[in-house]
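Notes follow once the structure below has been shown.
We did not get these values from a lab; they are worked out from the coordinates using the rules stated. Fair warning: this is a prediction, and the values are worked out from it, not measured in the lab. Note: ideal-geometry Cβ built from the backbone for every residue, glycine included; neighbour counts use all protein chains shown.
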Amino acid sequence: MNKIAFIGMGNMGKALLKGALKSMSNDRFMFADKVLSEEIINEYGVYGTTDNAECAKEAKYIFLAVKPQFFGNVVEDIKDYMTEDKVVISIMAGINIDKIKASLGNVRVVRVMPNTPALVEAGMSGVCFDNSDYQDEEKKVVFEILESCGIIKTVDESLMSAVTCVSGSSPAYVYMFIEALADSAVKYGLPRNTAYEMAAQTVLGAAKMVLETGKVPAELKDMVCSPAGTTIAGVAALEEYGFRNAIIKATDNCYKRAEELK
């Protein structure tokens, strides 16, 4: 079977590897990382190295799971081993397909924007393929790995910065919301662990309502807001202090930065 390599073994690389091993044998995988993790080697039974070139030479499917700022260094290590039969899958934020192809030469490129909930098999990934020809088996391998960690949506590359905003970076905003919501409950006497659990479960449940009821968020919000009740009083305060505007401004900055990385 064709080898699958991860260059970089941070949180996202580890999440994808862990997910893929649910349906694929560990002897198909290898990884390269600047600091070799014996824990990952022992836990998952895969081959690890500090040599990026070794992964590029041995594998057909090569995941670029490094931070965008390290892309140039990786290119120097692997470019001499890139051939038209390789499939490079990039999970680097911002760096577009044209830049990857210009750096690596005659290679096929799949661009993916995953998010950290992939670590608990609840990820949301946007994916786009370049205009090259792919065999059905090649696409199947890519989809199998990505779907092992959550849901994927195929999008046009022109929308990948928007995907970065809505799912790639936004878990951080959700964690900040959960933290703030829990803090507000702790202020009134609720134990912190209980507050975290209740806030997190509420976010999880609300998200599930959006996904499973088919109702738009505004309609679901109105279902909670009784006339002259507690919830509408809270919603009024959120509007007064710019809750929506803060989220949109955060997204604007996120989008701008993603575009700068191209």
Quiz item: Once the piece of chain linking residue 185 and residue 131 is laid out straight, how much longer is it, given 0.36 nm per residue of separation minus the C-alpha distance between them?
Solution: 14.3 nm
Quiz prompt | Residue of 103, 226, 23 that the Gaussian network model of the chain assigns the largest fluctuation, springs spanning Cα pairs under 10 Å | solution = 226
Quiz prompt | Built amide H within the under 5 Å cut-off of residue 6, gap 5+ | solution = 30, 31, 32, 63
Quiz prompt | Summed side-chain charge close to residue 149 - residues other than residue 149 whose Cβ falls under 14 Å, Lys, Arg +1, Asp, Glu -1 | solution = +1
Quiz item: Going through the stretch 138-247, which chymotrypsin sites (Phe, Trp or Tyr not before Pro) have at most 16 other Cβ atoms within 10 Å and a DSSP loop state?
Solution: 188, 241
Quiz item: Can you list the lysines whose alpha carbon sits under 25 Å from that of residue 208, skipping same-chain ones fewer than 8 residues off?
Solution: 18, 22, 153, 221
Quiz item: residue 126's amide H: which non-local residues (gap 5+, or another chain) put their own amide H closer than 5 Å, with H modeled 1.01 Å from N in plane and none for Pro or chain starts?
Solution: 113, 153
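Which value, in debye to the nearest 20, gives the size of the charge dipole of the chain about its Cα centre, when Lys and Arg are +1 and Asp and Glu are -1 at the Cβ? It would help to have the intermediate numbers written out before the result.
On the way: 28 positive and 35 negative charges, 85 e Å.
Dipole about the Cα centre, nearest 20: 400 debye.
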Practice problem: For an R0 of 45 angstrom, estimate the FRET efficiency from the Cβ-Cβ distance between residue 245 and residue 73 and round to the nearest 0.05. | Solution: 0.70
Self-check item: Span-like helix ranges in the chain, DSSP H, alpha carbon extent 27 angstrom or more, Kyte mean at least 0.0
Solution: 192-213
Practice problem: Search the structure for amide H atoms under 5 Å from the amide H of residue 95, placed 1.01 Å from N in the peptide plane, and list their residues when 5 or more places away or on another chain. | Solution: none
Practice problem: Scale the Cα Rg of the chain by the rule-of-thumb value 2.2 N^0.38 Å and send over the ratio, two decimals. | Solution: 1.15
Practice problem: Would you calculate, for the chain, the mean residue ellipticity at 222 nm contributed by helices, counting each DSSP H stretch of 4 or more residues as -39,500 (n - 2.57) and dividing by all residues, to the nearest 500? | Solution: -15500 deg cm²/dmol
Exercise. Please report the relative contact order for the chain, taking Cα pairs under 8 Å with a sequence separation of at least 6, and give it as a percent rounded to a whole number.
Key: 16 percent
Self-check item: Rounded to 5, percent antiparallel among DSSP beta bridges of the chain
Solution: 15 percent
Quiz item: Which residues in the stretch 1-40 place their backbone N less than 17 Å from a point set 7 Å from the Cα of residue 50 along the Cα-to-Cβ direction?
Solution: 7-10, 31-40
Quiz item: Using the beta-carbon distance between residue 25 and residue 58 and R0 = 25 Å, what value does 1/(1 + (r/R0)^6) give for FRET efficiency, to the nearest 0.05?
Solution: 0.95
Quiz item: What span do the alpha-carbon atoms of the stretch 1-150 cover on each of the three principal axes, reported in whole Å from largest to smallest?
Solution: 36, 30, 28
Quiz item: If contacts are Cα pairs under 8 angstrom and at least 6 residues apart, what is the relative contact order of the stretch 4-160 in percent?
Solution: 23 percent
Quiz prompt | For 109, 155, order by how many other beta-carbon atoms lie within 10 Å, fewest first | solution = 155, 109
